[in-house]
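Reviewing the structure listed below.
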Amino acid sequence: MSSVMSFLETCSNWGPIAAIRDSQQAMPVVQSVHLAALTILLATILVLNLRLAGLAMSDAPLSWLARQLRPWTLGGLAIVALSGMLMFIGTPAKYLASNPFRFKMLALGVAALCHFGVLRRVFTVEPAARPQALNLVLAGLSLTLWFAVGWAGRAIAFLP
């Protein structure tokens, strides 16, 4: 573990990363981009899950909606990941010591596996082909996981 921390500290002290971390403007810009991309990502997740639950856009086929939102979902996720890595590498010891950060990473992994593994297949079949209770459970689980990622991210600033 110490070799990993040593590597992360070396990356943290690299000129461009240190300049961003220590700048009064750059890190807030990175954080703002992170939050904007998270908003896009969560919006696409919300729309898909509301459709899966039968609570919105029932006239649009779920598979069509998933295809339309996929570039926005992947784009939002990519920007969230890149900006998140930039924030993390600036002060890795702070984040690794943070319980909310560790929970966020766990929730992110489970949410991504659920969305891009399980639900990817679910989105190809219309919700009417499954029991409504199952659709509600799947949508609720997905939304809980993704919003837990966002809430845990917010808690990083306030909790140890």
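THR73 falls short of the stated requirement of being surrounded by fewer than 17 Cβ atoms within 10 Å (Cβ to Cβ) and out of contact with any strand residue (DSSP E or B) (no Cβ under 6 Å at 6 or more places or on another chain).
The single condition among (1) closer than 13 Å to ILE45 by Cβ; (2) surrounded by 13 or more Cβ atoms within 10 Å (Cβ to Cβ) that TYR95 does not meet is (1). Checking each residue in the range 120-147 for being charged (D, E, K, R) and in a helix (DSSP H, G or I) picks out ARG120, ARG121.
Whether any residue in the range 135-145 is β-branched (Val, Ile, Thr) and in contact (Cβ under 8 Å) with a residue 24 or more places away in the chain is what I want to check. So far as the range 135-145 goes, no, none of its residues is β-branched (Val, Ile, Thr) and in contact (Cβ under 8 Å) with a residue 24 or more places away in the chain. Considering only residues of the range 98-126 that are exposed (fewer than 15 other Cβ atoms within 10 Å of the Cβ) and in contact (Cβ under 8 Å) with a residue 60 or more places away in the chain, which is farthest from THR44 (Cα to Cα)? For the range 98-126, the residue satisfying everything is ASN99.
Every number here is computed from the coordinates shown, using simple stated rules; none is lab data. Not measured: the values here are computed from a predicted model. Here the Cβ is made from the backbone with ideal geometry for all residues, glycine too, and neighbour counts use every protein chain on show.
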